[in-house]
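Right, one structure below, let's go through it.
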Amino acid sequence: MRVEEIEEIGIEALKAAKRVHDELGEDGLTPVPSPNQFGERALKADVEAESAVIKYLRESGLPIRVISEEHGITNLSKKPKFLGILDGIDGTSQFIAGRCTLRYAAMLGIASGVNPRYEDCLFSGIMEHSTNRLWIGIRGQGSFLVDPEGNRTQIHASSRTVFDDSTKIYSMSPEYNDTAIKYLPALVRKFKTQLPLSEAIALADIASGKADLIIEATRKGNVEQAAAFRLVTEAGGVMVDITGRSIGAQKYLQWGQKRSLLLTTAATHELAIDFLKKLKGL
């Protein structure tokens, strides 16, 4: 299957999530009875937006297995050839605090194979629910912002190469700190950082040049990072481990799934390396 076909399916699936978000309205804020696989209380919009994507993918005939925050693993084919990574509402706190006004999004990544490396991601899509803006990355073709009228503008990460006080930084929540990433509290105290209330939006901001760096740890299945890998890298950005190596060659289902590992998303590789050098010097 050509990457253009994957792109079309991914875009239409995210549009289906957007329609459900809009149709639910205030009812989307209703909590569902049972917590999700991470023990978190989900809302109706979380569940129904994912259901809409899964339904569209099933109807498309794409032989795919889907991993999602609210539904876990869903096989849509007896012999899946692709893996979908899905989050129907990323930034639930933003959704609760400002439905249709604050920034939160649906995310979908589609990778080749059912045990893919990060670099096997063919398509990344982020549908920003409150603005109806769609951020997409397609392997070998670039990253784009699609406006509500369907017009495409190619986007690029910033050209920043030096980590200093003027770097625009998103940092992980302190609740994720552990001994594997013990450097972070000192860094957060030293530099101005902003907490990303939606990982999807933070990753879109890297790809579009609005932010320079995201400092975080692997957690909760790394759904958001895997779903947005192609968006970030096609825009010129990088995702690297604590050694400065790209996580592209790492298997999504293995790397960082059972322990918290430092993950840095940066506008350039030079910026990531400079950050890691200064981080280790704290």
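What list do you get for HIS71, HIS156 if you sort them by fewest beta carbons within 10 Å? Show your work: numbers first, answer last.
Values: HIS71 18, HIS156 15.
Lowest to highest Cβ neighbour count: HIS156, HIS71.
What order do you get for ARG99, ARG230, ARG259, ARG139 when you list them from fewest to most C-beta neighbours inside 10 Å?
Values: ARG99 18, ARG230 28, ARG259 12, ARG139 21.
Fewest-to-most ranking of ARG99, ARG230, ARG259, ARG139: ARG259, ARG99, ARG139, ARG230.
Among MET1, MET127, MET239, rank each residue by its count of other Cβ atoms within 10 Å, from fewest to most, as a rough exposure measure.
Details: MET1 13, MET127 29, MET239 24.
Ordered by Cβ neighbours within 10 Å, fewest first: MET1, MET239, MET127.
Computed on the chain, with alpha-carbon pairs under 8 angstrom and 6+ residues apart, the relative contact order is 17 percent. The 3J(HN,Hα) values that the Karplus relation (6.51, -1.76, 1.60; θ = phi - 60°) gives for the stretch 10-20 are, in residue order, x, 5, 5, 5, 5, 5, 5, 5, 4, 4, 5 Hz. Gly and Pro appear as x. Here mean projected area of the Cα convex hull in nm² was calculated from the structure, and among (1) 13.8; (2) 17.9; (3) 15.6 it sits at label (1).
For LYS258 and LEU195, what does the FRET efficiency come to when R0 = 30 Å and r is the distance between their Cβ atoms, rounded to the nearest 0.05?
Numbers: r = 25 Å, r/R0 = 0.83.
So, using R0 = 30 Å, E works out to roughly 0.75.
Computed from label points 7 Å out along Cα-Cβ, the spacing between SER112 and SER77 is 1.3 nm.
None of the figures in this text is laboratory data; all of them are computed from the coordinates on show. Quick caveat: nothing in here was measured; it's all calculated off a predicted structure. Glycine gets a Cβ as well: all are built from the backbone with ideal geometry, and neighbour counts include every protein chain shown.
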